[in-house]
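Q: Quick one: structure below, then a few questions.
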């Protein structure tokens, strides 16, 4: 239930010395995405950045879409320095016109789209009943609206390509509740974040049903205690803002890292998962308290 699960983090491939180094320079890769073109929203940092690096290492040409140009350009350069093919395209996913223009730029550069990772999103620190209208609407506009706008714009290109894979970014917040005691341990995210991620889950089911006839697979990941700067109070903390609660409810010792999510997204994006659609994978250390 990361506070800003999809919009934050380091652009480096390994997030910290304590995190598992899943891919190293010089390691032989399987090129599971050779010849593919992938769009990664929120690709400027955190989970998006790490996934973009992994996609490029596996042979994909990657269009990085995000609002923060300086960070996006840094990720683009880092991937190119490693021998990968990446292009940063500035885009606010809550703006449908900006999304259409960004997808057009991707087609102009790469000619097609095969993979979409709807990763862009963030949460609010405002908690019900004190969350403002502006906060509520903004969170839904990016998390849900961004997923809708980007998928709608990419959809005809996936059909033209003969199929493809979409992976949506949800959260464990989409499927769990909490008691007063649970809330007292570490607080909770905003109602808007819970609602937005539950909406992304529903959209995943809907799109999977729509995509089958076109060989478009649509799946979803739900991260839990994943360490990114956004999930650590903007990088002010050395641990997840909800660490105390996660540590009580997780089966495995935490935390997780962006690489843990990126590897799962890669699996869902490549042909290894060719017979999976409409599925949800929790990357949460095995939270036992799911309601």
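Q: Restricting to region 172-192, count the residues that are part of a loop (DSSP other than H, G, I, E, B) and at negative phi.
A: Looking only at that region, the number is 8.
Q: Would it be correct to say that residue 106 is farther than 19 Å from residue 44 by Cβ and modelled with pLDDT of 95 or more?
A: Working: farther than 19 Å from residue 44 by Cβ: no; modelled with pLDDT of 95 or more: yes.
No: the conditions fail for residue 106.
Q: Which pairs turn up if I take residues in region 271-282 that are on the phi < 0 side of the Ramachandran plot and at pLDDT below 95 and look for partners that are part of a helix (DSSP H, G or I) and surrounded by 15 or more Cβ atoms within 10 Å (Cβ to Cβ) with beta carbon separation below 8 Å, at least 6 apart in sequence or on another chain?
A: 282/172
Q: Scan 50, 40 and give me the residue that is under 14 Å from residue 262 (Cα atoms), out of contact with any strand residue (DSSP E or B) (no Cβ under 9 Å at 6 or more places or on another chain) and modelled with pLDDT of 95 or more.
A: Answer to the selection: 50.
Q: Now for a separate question. Please find, among 221, 248, the residue that is within 30 Å of residue 159 (Cβ to Cβ) and either within 17 Å of the chain's Cα centre (by Cα) or modelled with pLDDT under 95 (or both). Working first, answer last.
A: On the way: 248 fails: within 30 Å of residue 159 (Cβ to Cβ).
Within the list 221, 248, the selection yields 221.
Q: Would region 193-205 turn up any residue that is modelled with pLDDT of 95 or more and more than 19 Å from the chain's Cα centre (by Cα)? Please lay out each step first, then the result.
A: We begin by selecting, within region 193-205, every residue modelled with pLDDT of 95 or more; these are 195-205.
Next cut, more than 19 Å from the chain's Cα centre (by Cα) only: none.
Checking region 193-205: not a single residue is modelled with pLDDT of 95 or more and more than 19 Å from the chain's Cα centre (by Cα).
Q: Right, here's the next one. The conditions are (1) surrounded by fewer than 22 Cβ atoms within 10 Å (Cβ to Cβ); (2) within 23 Å of the chain's Cα centre (by Cα); (3) touching a residue at least 24 places away in the same chain (Cβ under 8 Å); (4) in a helix (DSSP H, G or I), and residue 126 fails exactly one of them. Which is it?
A: Unmet condition: (4).
The values are calculated or read from the model by the stated rules, or taken from the named source; none is laboratory data. Source: prediction; values computed, not measured. No Cβ is skipped: glycine too gets one built from the backbone with ideal geometry, and neighbour counts run over all protein chains shown.
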